[in-house]
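Written below as structure tokens is the structure these notes are about.
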Amino acid sequence: MTKETQLQVEAIKNGTVIDHIPANIGIKVLKLFKMHTTQERVTIGLNLPSSLQGSKDLIKIENTFITEDQANQLALYAPKATVNQIENYEVVKKLALSLPSQIRAIFKCPNSNCISHGEPVDSSFTVITKRDDIQLKCKYCEKVFSREVVTEHI
Ligand code: CTP
Ligand code: ZN
């Protein structure tokens, strides 16, 4: 099954492969993280068969490497994604994501009255986890939102 998905999107020589993105959010991830604004070659696979998930989306960006911190910013949105660093066609690093304590400049604050909307500032949320429940607290208006409210509000 792995070999099948490998054949569906060409291997890359150097760069980053974001794998196991839930099906249907690949395009959102691409835009949210502004990966489509690069000059490098980006290849995407949507609704690829996956043994773990049924189907998945996948994004490959050549000649671009992302830090562990940057990768973790994805965790709220695609917690099961893996970020692979490819060098000379080999996977040299595979990051499983972990939830960061802060999420910056990705999601807009769902509170329409929040001052972050009128100012040239990056959004910023503190991640609050209570057992399995994840909430986000806006740095500017200090309101607390559920994970779903923030990730759907883009
Ligand atoms: N990949 C790539 N170019 C390469 C090497 C790997 O695009 N030169 C991609 C593969 O297609 C795969 C991902 O990077 O989507 C991870 O590769 P690999 O670890 O070999 O695959 P799996 O073992 O299936 O990974 P996992 O266990 O994370 O599912
Ligand atoms: Zn706010």
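Residues with beta-carbon under 11 Å from that of F125, excluding F125: net charge, scoring Lys, Arg +1 and Asp, Glu -1? Taking every other residue near F125 into account, the sum is +4. For region 45-98 and region 103-118, compute the distance between their C-alpha centroids and round to whole Å. Each part reduced to its Cα centre gives a spacing of 26 Å.
For n ≥ 4 DSSP H runs only, could you compute -39500 (n - 2.57) per run for the chain, divide by its residues and tell me the 222 nm figure to the nearest 500? That comes out to -4000 deg cm²/dmol. Ranked by the mean number of other Cβ atoms within 10 Å of their residues, highest first, the peptides 12-25, 118-131 come out as 12-25, 118-131.
Solvent-free Debye calculation, one equal scatterer per alpha-carbon of region 86-144: log10 I(q)/I(0) at 0.30 Å⁻¹ equals -1.26. Its Cα gyration tensor gives region 23-113 an equivalent ellipsoid; the semi-axes, largest first and in whole Å, are 22, 16, 15. Gyration tensor over the Cα atoms of region 19-58: the corresponding equivalent ellipsoid has semi-axes (square roots of 5 times the eigenvalues, largest first) of 21, 10, 6 Å. For the pair E10 and R41, the difference between a 0.36 nm per residue extended length and the Cα-Cα distance amounts to 10.0 nm. Across region 46-154, Cα pairs under 8 Å and at least six residues apart give a relative contact order of 17 percent. Our estimate of slack between Y140 and K34, defined as 0.36 nm per intervening residue step minus the Cα-Cα distance, is 35.9 nm. Working value for the chain: equivalent-ellipsoid semi-axes of 30, 16, 14 Å, each the square root of 5 times a Cα gyration tensor eigenvalue, largest first. Taken about its Cα centre, region 21-154 carries a charge dipole of about 220 debye when Lys and Arg each add +1 at the Cβ and Asp and Glu each add -1 at the Cβ.
Remark: L99, L32 ranked as L99, L32, counting other beta-carbon atoms within 10 Å and listing the fewest first. Straight Cα distances below 17 angstrom link K28 to the aspartates and glutamates D19, D57, E148, E152, with same-chain residues fewer than 8 positions distant left out.
Between E62 and T129, the contour length at 0.36 nm per residue exceeds the alpha carbon distance by 20.7 nm.
Rule-based calculations on the coordinates, nothing more; no lab input. Worth saying up front: this structure is predicted, and the values here are computed from it rather than measured. Glycine gets a Cβ as well: all are built from the backbone with ideal geometry, and neighbour counts include every protein chain shown.
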